[in-house]
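Have a look at the structure below before the remarks.
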Ligand SMILES: Cc1cc2nc3c(=O)[nH]c(=O)nc-3n(C[C@H](O)[C@H](O)[C@H](O)COP(=O)(O)O)c2cc1C
């Protein structure tokens, strides 16, 4: 890994164009969106996009979700054949769709099954296998430490811990004491995750937990430069200047073009709206920006909007700190 700041897997967000962008801004690794371990679904448009990591710089980590050890093992093998250099197992997702199938964070309630899945996947592939968890199912049953020991014994090579339980969903603040305990008690590298929104917070979480790396999710939406900011602060103790408006304009133009070509015109235009909405949060308000952009149906209209929007601003100005 080139840096200890990693992009978190986010379904519907961290597709190949976005992972590539975050890597360029210094993310040490960018884990794919989760893909189901049920290979009968891999022909769907959604899965085909999620499985696509062609041309990405390594390490290419592909996340799989599921509950059946043999299916998980087979899915891991298929991903390795397709170029995955790391297999990440999702035991952190709180979504009902995933938990109702006893996958994602629901697995944290069944430690025996956790062991069976981890052992089966580690046995099936020759590349490193990593695991991503929450601190437990609910605050009364925080079993991250026991899961970490199971992971260690099963041959898992790194463990990401999001400092919330499943019951907490995204409410309240992430807590880092449980992560610190896991770091102290386990030998495998731990990656701390949850609510890291700035360079200072990144450093504070690293110091508090002793984790080997940090993982950033929502704070990277519309702000891929956060990785360079955190890396610079960790290396020098100083704040990196915010990007200029001109720099952001050209990165957005490139990102939106890449979305159009990755997803095709119809889906690309829709996915671009989501990212543009996130970018606009950090940019000066010009007219009814987001509302207008969301009504555009053609790729060329979206690109024109971006060109005119940035022409109306002073490109030398920097984003507000
Ligand atoms: C839109 C969205 C999609 C997510 N999808 C996944 C996923 O596919 N796999 C996973 O392990 N976690 C997923 N997560 C959880 C994130 O990886 C991360 O653990 C969580 O957002 C906390 O980190 P943050 O506070 O930096 O956002 C998702 C989160 C969000 C907001």
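For segment 50-108, the C-alpha radius of gyration sits at 1.18 times the compact-globule guess of 2.2 N^0.38 Å, with N the residue count. Taking label points 7 Å from Cα along the Cα-to-Cβ direction, residue 273 and residue 207 give a separation of 4.4 nm. Counting only alpha carbon atoms, the long axis of helix 265-280 and the longest principal axis of the chain meet at about 90°. The relative contact order of the chain, computed from alpha carbon pairs under 8 Å that lie at least 6 residues apart in sequence, is 14 percent.
Rounded to the nearest 5, what % of DSSP beta bridges with both residues in the chain are antiparallel? Kindly include the intermediate steps, with their values, before the conclusion.
Working: 1 of 29 bridges.
Within the chain, antiparallel bridges account for around 5 percent of the total.
With a simple spin-label model that places each label point 7 Å from the Cα along the Cα-to-Cβ direction, the separation between residue 77 and residue 45 comes to 3.2 nm.
The label-point distance for residue 321 and residue 177, in a model that sets each label 7 Å from Cα toward Cβ, rounds to 3.4 nm.
What share of Cα pairs, in percent, lie more than 21 angstrom apart in segment 91-188?
Working: 1281 of 4753 pairs.
Distances greater than 21 Å cover 27 percent of the Cα pairs.
Converting the Cα gyration tensor eigenvalues of segment 162-241 into ellipsoid dimensions via √(5λ) gives semi-axes, longest first, of 22, 17, 9 Å.
Taking a quarter of the surface of the Cα convex hull of segment 1-126 gives a mean projected area of 7.5 nm². Set against the 2.2 N^0.38 Å expectation for a compact globular protein, segment 203-273 has a Cα radius of gyration ratio of 1.42.
Just want the ordering: 308, 296, 206, from fewest to most Cβ atoms lying within 10 Å of their own Cβ. Before the final figure, lay out each step's value.
Values: 308 10, 296 17, 206 20.
With the fewest neighbours first, 308, 296, 206 line up as 308, 296, 206.
When the Debye formula is applied to the Cα atoms of segment 133-201, each taken as the same point scatterer, what base-10 log of I(q)/I(0) results at q = 0.11 Å⁻¹? Debye intensities relative to I(0), on a log10 scale: -0.24. Computed over the chain, the convex hull of the alpha-carbon atoms projects to a mean area of 15.9 nm².
Distance between the C-alpha centres of segment 117-168 and segment 237-267: 34 Å, rounded to the whole angstrom.
Values in this text are rule-based calculations from the coordinates and carry no lab data. Worth saying up front: this structure is predicted, and the values here are computed from it rather than measured. Note that we place each Cβ from the backbone using ideal geometry, even for glycine, and neighbour counts take in every protein chain shown.
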